[in-house]
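J.: Structure provided below as structure tokens; questions to follow.
The values are calculated or read from the model by the stated rules, or taken from the named source; none is laboratory data. Computed from a prediction, not measured in an experiment: that's the story for all the values here. In this analysis, Cβ positions are derived from the backbone assuming ideal geometry, glycine residues included, and neighbour counts consider all displayed protein chains. Ligands, DNA and RNA are excluded from the accessible area calculation, which covers all protein heavy atoms including side chains. Shrake-Rupley method; radii C 1.70, N 1.55, O 1.52, S 1.80 Å.
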Amino acid sequence: MFVITGITGKVGGVVTRTLLSKNLPVRGVMRSAAKAGEWRALGCEVAIAEMDDAGALAEAFKEAKGVFILPPSDFDPAPGFPVACRIIDALVQAIRSAEPEKVVCLSTIGAQALQINLLTQRTLMEKALNGLELPVAFLRPGWFMENCALDVVSASEKGVIQSFLQPLDKAVPMVATADVGKLAASLLQQNWTGKRVVELEGPCRVSPNDIASAFSQILGRPVVAEAVARHAWETLFREQGHQFPSPRMQMIDGFNEGWICFEGSEDERAIGDTQLEEVLRSLLKAGN
């Protein structure tokens, strides 16, 4: 039995469907039963558990050949990351109690960074899971291509995308969520000992100018990228509802300054198949 958390999200859904397509048994973990019916119809068991409920998670993880951990992200974390820490503590307790054969945890590029930033939530998760005495694989994908959903309206209506990633010609590792889910499903079916880090990026690295160019090609009219001045970030983020904008700002600084990056050798570096244009076409279609 493979147990998948975050089953109702993009990555967790791909992991689940990939395993089910191979006629492998899957138990999906979700917060409420609202979407349970559609997953049961696909042949999936369903367990209901909040990600900070150690007892319910332990019950869901019982007799698991492998568990996929997709920790929810707190996009506006208070100092000390209290929400993430509560979830991490519950997951560690549940895994120790249920003793699955292995764990695959969705982490992130830059989880090794020492500077505090939005991705530190994954740094803390990796540190906690490294203390477990069972095989754990940390899947570290690059920047999600699906983040371009925030650019769809502006690109379509104004011919402009506002970019926090800078300079505009600097390419960074990006990847489609579909490729993340497929690799996670593959890792769950593998056997290894100890801890491993697997890094994942798309077929080529992508700059803000590349994103604008791809939008332009798809839409058939010019689209340009414009840099959002660093001094304006805090005001913009607070207008968007952030109470604690610093972690998000520091994460973007990390990409721009190069200290949020891949750290491992290419021996454990995977390359996804999905091109940026395919993702953008899907996002534009969904936005219409």
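J.: Take V160 and decide whether it is of a type outside the set (F, W, Y), under 23 Å from L219 (Cβ atoms), out of contact with any strand residue (DSSP E or B) (no Cβ under 9 Å at 6 or more places or on another chain) and in contact (Cβ under 8 Å) with a residue 12 or more places away in the chain.
T.: Taking the combined requirement at face value, the residue does not satisfy it.
J.: Now a separate question. Tell me, yes or no, whether segment 21-30 has at least one residue that is in a strand (DSSP E or B) and open to solvent by 60 Å² or more (accessible area, probe 1.4 Å).
T.: No, segment 21-30 has no match at all.
So that you can scan it fast, the table gives a plain yes or no per residue for (1) at pLDDT 95 or above; (2) over 28 Å from K22 (Cβ atoms); (3) among the charged types (D, E, K, R); (4) in contact with a Pro (Cβ under 7 Å, 6 or more places away or on another chain):
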residue: E38; (1), (2), (3), (4): no, no, yes, no
residue: M51; (1), (2), (3), (4): yes, no, no, yes
residue: A56; (1), (2), (3), (4): yes, no, no, no
residue: P71; (1), (2), (3), (4): no, no, no, no
residue: D76; (1), (2), (3), (4): yes, yes, yes, no
residue: G80; (1), (2), (3), (4): yes, yes, no, no
residue: I95; (1), (2), (3), (4): yes, no, no, no
residue: E101; (1), (2), (3), (4): yes, no, yes, no
residue: G110; (1), (2), (3), (4): yes, yes, no, no
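J.: Continuing with the same structure: Any idea which of A232, A225, A270 is among the aliphatic types (A, V, I, L, M) and more than 18 Å from P167 (Cβ to Cβ)?
T.: Residue meeting the stated conditions: A270.
J.: Return the residue satisfying two criteria in turn: it lies in segment 270-288 and is of a type outside the set (A, V, I, L, M), in contact (Cβ under 8 Å) with a residue 24 or more places away in the chain and not in a loop (DSSP other than H, G, I, E, B), and of such residues it is farthest from V206 (Cα to Cα).
T.: Taking the candidates together, the pick is G287.
J.: Please report, ordered by residue number, the helices (runs of 4 or more DSSP H) entirely within segment 126-239 with at least 1 residues that are under 21 Å from R269 (Cβ atoms) and open to solvent by 50 Å² or more (accessible area, probe 1.4 Å).
T.: 177-188, 208-219
J.: Can you name every residue in segment 98-121 that is open to solvent by less than 30 Å² (accessible area, probe 1.4 Å), within 24 Å of A54 (Cβ to Cβ) and not aliphatic (A, V, I, L, M)?
T.: Across segment 98-121, the qualifying residues are P100, K102, C105, S107, T108, T120, Q121.
J.: What are the residues in segment 256-288 that are among the basic types (K, R) and either modelled with pLDDT of 95 or more or under 22 Å from G110 (Cα atoms) (or both), if any?
T.: R269, R281
J.: Would you confirm, using the coordinates I've provided, whether D76 is of a type in the set (D, E), within 19 Å of Q121 (Cα to Cα) and part of a loop (DSSP other than H, G, I, E, B)?
T.: yes
J.: For segment 202-220, indicate whether the set of residues that are out of contact with any helix residue (DSSP H, G or I) (no Cβ under 8 Å at 6 or more places or on another chain) and acidic (D, E) is non-empty.
T.: Scanning segment 202-220, I find no residue that is out of contact with any helix residue (DSSP H, G or I) (no Cβ under 8 Å at 6 or more places or on another chain) and acidic (D, E), so the answer is no.
J.: Moving to a separate point now. Which of the residues spanning segment 251-267 are surrounded by fewer than 18 Cβ atoms within 10 Å (Cβ to Cβ) and within 18 Å of the chain's Cα centre (by Cα)?
T.: Selection gives C261, E263.
J.: Okay, next question. Quick one: in segment 31-50, of everything that is of a type in the set (A, V, I, L, M) and farther than 12 Å from I4 by Cα, which residue is surrounded by the most Cβ atoms within 10 Å (Cβ to Cβ)?
T.: Among them, the one singled out is A36.
J.: Looking at E226, E146, E201, which is the one that is at negative phi, of a type in the set (D, E) and out of contact with any Ser or Thr (no Cβ under 7 Å at 6 or more places or on another chain)?
T.: The conditions single out E201.
J.: Within segment 91-123, track down each residue that is more than 25 Å from F244 (Cβ to Cβ), in contact with a Gly (Cβ under 8 Å, 6 or more places away or on another chain) and part of a loop (DSSP other than H, G, I, E, B).
T.: Across segment 91-123, the qualifying residues are P100, E101, K102.
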